[in-house]
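Novice: Just dropping this structure here.
Every number in this text was worked out from the coordinates using simple rules, so none of it is lab data. Worth saying up front: this structure is predicted, and the values here are computed from it rather than measured. So basically every Cβ, Gly included, is an ideal-geometry build from the backbone, and we count neighbours across all protein chains shown.
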Amino acid sequence: MRIFVITFLALLMSGCGTLKTPQFRTNSYRSAGYKHVALNHKMKREPSGGIGASHVELLWPVARPDISQSFAPPTNRKHDGIDLRGRKNTPIKAAHSGVVVYAGRRYSGYGKMILINNGADISTLYAHLNKYAVKTGDRVQRGQVIGYMGRTGRATGVHLHFEVLKDKIPVDPMGILP
């Protein structure tokens, strides 16, 4: 075993071998009993078993994204998604194809919201909408208008709160969006 390790290190240092490391970092933490995962903003790709394993390519949900608040772990103030500034009734598009598993106001802080699942392990959440263009149970296509930006729920101004969830755990959308 010792000879193998020395040989491996010699080959690696001489340039005859390469050691590939993942191109991202993750931080995970628990808050209120839920596990959260934050992906580094500079992530280029995901190794198998991660977000990329689902082969989901996301679109920006608005035409001209203007981020007013980023994803943040619950150290000072938890923020499970990103906020995108805009004008009232700006069209919101589905970031991926899937089924609308919820369209309603059940969670008061989110106001009018939509939750779409891709049929596997990825879901996206769109909150603070002014109007819906879809309803629970609808099948939507990537890029289809699903609602319109608003200021419902606990919102200080007109914007879209956008979350990406992998296996129901919030992940940073900036590591996945183009």
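Novice: Go through region 83-89 residue by residue and turn each phi into a ³J(HN,Hα) via Karplus (6.51, -1.76, 1.60, θ = phi - 60°); whole Hz please, and just put x for glycine and proline.
Specialist: Rounded to whole hertz, the list is 9, 10, 5, x, 9, 4, 6.
Novice: Sticking with this one: Taking R0 as 22 Å, what's the FRET efficiency between SER68 and LYS131 from their Cβ-Cβ distance, rounded to 0.05?
Specialist: 0.60
Novice: Can you list residues whose amide H is under 5 Å from GLN69's amide H, if they're 5+ apart or on another chain and H is modeled 1.01 Å from N?
Specialist: The answer is ASP83.
Novice: Taking amide hydrogens as modeled 1.01 Å from N in the peptide plane, which residues meet the under 5 Å criterion relative to HIS79, leaving out close sequence neighbours?
Specialist: ALA72
Novice: Let me ask something additional. Work out, step by step, the length gained on full extension between GLN144 and LYS88: first 0.36 nm times the residue separation, then minus their alpha carbon distance; give nm to one decimal.
Specialist: So the extension gain works out to 18.3 nm.
Novice: Determine ³J(HN,Hα), in whole Hz, for all residues of region 150-156 in sequence, where each value follows from phi through the Karplus function 6.51 cos²θ - 1.76 cosθ + 1.60 and θ = phi - 60°; x replaces Gly and Pro.
Specialist: x, 9, 9, x, 8, 10, 8
Novice: Output wanted: per-residue J couplings in Hz (rounded whole) for region 94-111, from phi through Karplus 6.51 cos²θ - 1.76 cosθ + 1.60, θ = phi - 60°, x for Gly and Pro.
Specialist: Those phi angles translate into 5, 6, 7, 6, x, 10, 6, 8, 7, 9, x, 10, 4, 9, 4, x, 7, x Hz.
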